[in-house]
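To keep things clear, I will list the structure first and then write my remarks on it.
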Amino acid sequence: MTDTRTLTLSEIEDLSLRALMAAGTSEANARPLAAATAATEADGVASHGLAYIPIYCEHVQCGKVDGQATPIVSQPRPGVVKVDAATGFAHAAIDAGFDRLIPLAREQGIAALAISNSYNCGVLGYHTYRLAQAGLLGLGFTNAPASIAPSGGAKPVVGTNPFSIAAPGSDGQPAVLIDQSASTIAKSEVMKHAREGKPIPEGWALDADGNPTTDPEIGLKGSMAPSGGYKGVGIALLTEMMAAAMTGATLGIHASPFSGTAGGPPKTGQMFLAIDPGATSDGAFAQRMTQLVEAIHTQDGAHLPGDGRGAKRLAAAENGVAVNTATLARIDAILG
C-alpha cells in the first residue's frame, strides 16, 4: 500500500512554489504553475499534480525549460494573439496570452491564441475551464513529443495530443468540460505506473512491434495505444495541426521528451480559441446547453465529462488531498 500524507490545497501550492523557485524558477513563472498544481490535485488528477513538480524542477536545472523566461506577447492580426514562451513554462505564457485573448473575444466575438516554444501545459482542461468561467466557449489544443504510431505503423509520429472544450454555465462554472488525450490513457499515467513498479492494464500501451503490453517500461519504449484506433490517430493529427503547425511550434516527431533530461527544450505549442456565445447564438446558447445537459442527466447512470469536478474541489478544499510520501521526499530533497 502506498504511504500518503494529507496536505491542504494551500500547502500543496506553497510547496510547489518553493520547490520550483529553489530549482531556479522565477516567482513569476512558478506562481501560475504552483496554482495549477494545487487545482489539479483538487480535481483528483494526481498524475499531473504534485508528482510532476520534481520533474519540472529537474528540467529547470538541466535546461530543458528556462525557469527565468519572459513570454513575448504580440498581436499580428486584430483577433489573433501570439506568445513566444521563450522555452519557458507554458503556464506563464498562457496567462500572458489570456490577458489579451479574453477581452478580444468579448469585443470581437471570437479570438485565437497561438503559443510556440513552449513546454508541457499540464492539464489542458484547467486552462479552458478559465475561459468558460469568463463566459466564453473555450477550445484548447496542445501537442506533445511523438508517442502514438499511425494506423498500420509501429513508429510514433504524433503525441498523446490532448484537446479540451469548456462551455460556460449559468453559475459561472463550466456546463460541460471535455478534456481528453488522443491516446487511451494519458502517457503520464503510464509513467506513474512505471515509477511505482505497477503493471498497466492491457490496451494502454504497445511494445516496439505494435503488440499490447502490460509492462509500463516496455510501453514507454514502444507507443501509446490510440483511443478508438484510427479515430484516435485522427484526433492526434488534428491537435498536431492546431498546436504545432498553426503556431509554428515544434512537431512531436522533433520534440524532446517531457521525461528525462536529454534533448533540450521540447518547444511544443498550444492553441486556444475563445468564442463569445452571444455573438453566434442569438441568445439561445444557455437554453440549448441546459436542454442538452438535462437530456443526459435525466438518464439513470448517465453523466457528462467534467461532472463531479465542483464536488471534488469542494471536498479537497475542506479535507485536503492525500499525497504520496515518496513525492514529498523528492521535493524535500530539492528544498534541501
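The values are calculated or read from the model by the stated rules, or taken from the named source; none is laboratory data. Everything numeric here is computed off the predicted structure, so don't read it as measured data. So basically every Cβ, Gly included, is an ideal-geometry build from the backbone, and we count neighbours across all protein chains shown. When the accessible area is computed, the model is the full protein with side chains, heavy atoms only, and any ligands, DNA or RNA have been set aside. Shrake-Rupley method; radii C 1.70, N 1.55, O 1.52, S 1.80 Å.
Charges only on Cβ, +1 for Lys and Arg, -1 for Asp and Glu: so what's the dipole of region 68-162 about the Cα centre, in debye to the nearest 20? Before the final figure, lay out the partial values.
Working: 6 positive and 4 negative charges, 31 e Å.
It works out to roughly 160 debye.
Taking 0.36 nm per intervening residue step and subtracting the Cα-Cα distance, what contour gain separates residue 70 from residue 209 on full extension? Please report the intermediate quantities before stating the final value.
Values: separation 139, 0.36 × 139 = 50.04 nm, distance 4.21 nm.
That pair, residue 70 and residue 209, stretches by 45.8 nm at full extension.
With every protein chain present, what accessible area does residue 254 have (1.4 Å probe, heavy atoms only), rounded to the nearest 10 Å²?
About 130 Å², ignoring ligands and nucleic acids.
Per-residue HN-Hα couplings for region 117-130, Karplus 6.51 cos²θ - 1.76 cosθ + 1.60 at θ = phi - 60°, whole Hz, x for Gly and Pro?
Result, ordered by residue: 6, 10, 9, 3, 9, x, 6, 4, x, 4, 7, 5, 3, 5 Hz.
Could you pull out every residue, at least 5 positions away or on a different chain, whose amide H is within less than 5 Å of the one on residue 147? Hs are placed 1.01 Å off N in the peptide plane, and Pro or chain starts have none.
157, 158, 159, 160
How much accessible area per residue does the chain have, counting only protein heavy atoms and a probe of 1.4 Å, in square angstrom? Let's see the in-between values first.
Numbers: 14860 Å² over 336 residues.
Accessible surface, normalised per residue, equals 44 Å².
What does a probe at residue 286 reach in region 108-122, counting residues whose amide N is under 18 Å from the point 7 Å along Cα→Cβ?
Answer for this model: none.
For the chain, with all protein chains present and a 1.4 Å probe, just round the carbon and sulfur fraction of the accessible area to a whole percent.
Working: 7930 of 14860 Å².
The nonpolar share, carbon plus sulfur, comes to 53 percent.
What dipole magnitude, in Debye to the nearest 20, does the chain give about its Cα centre under +1 on Lys/Arg Cβ and -1 on Asp/Glu Cβ? Don't skip to the end; give the middle numbers.
Working: 22 positive and 30 negative charges, 124 e Å.
The dipole magnitude comes to about 600 debye.
Give me the lysines in straight-line cross-link reach of residue 82: C-alpha distance below 17 Å, same-chain residues under 8 apart excluded.
Cross-link targets: 267.
Would you mind pulling out the separation of the Cα centroids of region 266-320 and region 151-221, in Å?
Here the two parts' Cα centres lie 21 Å apart.
Considering Cα pairs under 8 angstrom that are at least six residues apart, work out the relative contact order of the chain and quote it in whole percent.
Details: 765 pairs, mean separation 73.5, N = 336.
Relative contact order for the chain comes out at 22 percent.
Which order do the peptides 275-281, 200-206, 231-237, 135-141 take when ranked by the mean count of other beta-carbon atoms within 10 Å per residue, highest first? Can you show the working numbers first?
Values: 275-281: 16.9, 200-206: 18.4, 231-237: 20.4, 135-141: 23.9.
Highest to lowest by the protection proxy: 135-141, 231-237, 200-206, 275-281.
Check residue 65: other-chain or 5+ apart residues with amide H under 5 Å from its amide H, H built from backbone geometry?
60
Per-residue HN-Hα couplings for region 278-291, Karplus 6.51 cos²θ - 1.76 cosθ + 1.60 at θ = phi - 60°, whole Hz, x for Gly and Pro?
x, 7, 10, 9, 6, x, 9, 4, 4, 5, 5, 5, 4, 5
Between residue 62 and residue 335, with labels modelled 7 Å along Cα→Cβ, what's the label distance in nm to one decimal, could you check?
Placing both labels 7 Å along Cα→Cβ, they lie 2.4 nm apart.
Which percent, to the nearest 5, of DSSP beta bridges fully inside the chain are antiparallel?
Details: 37 of 42 bridges.
Within the chain, antiparallel bridges account for around 90 percent of the total.
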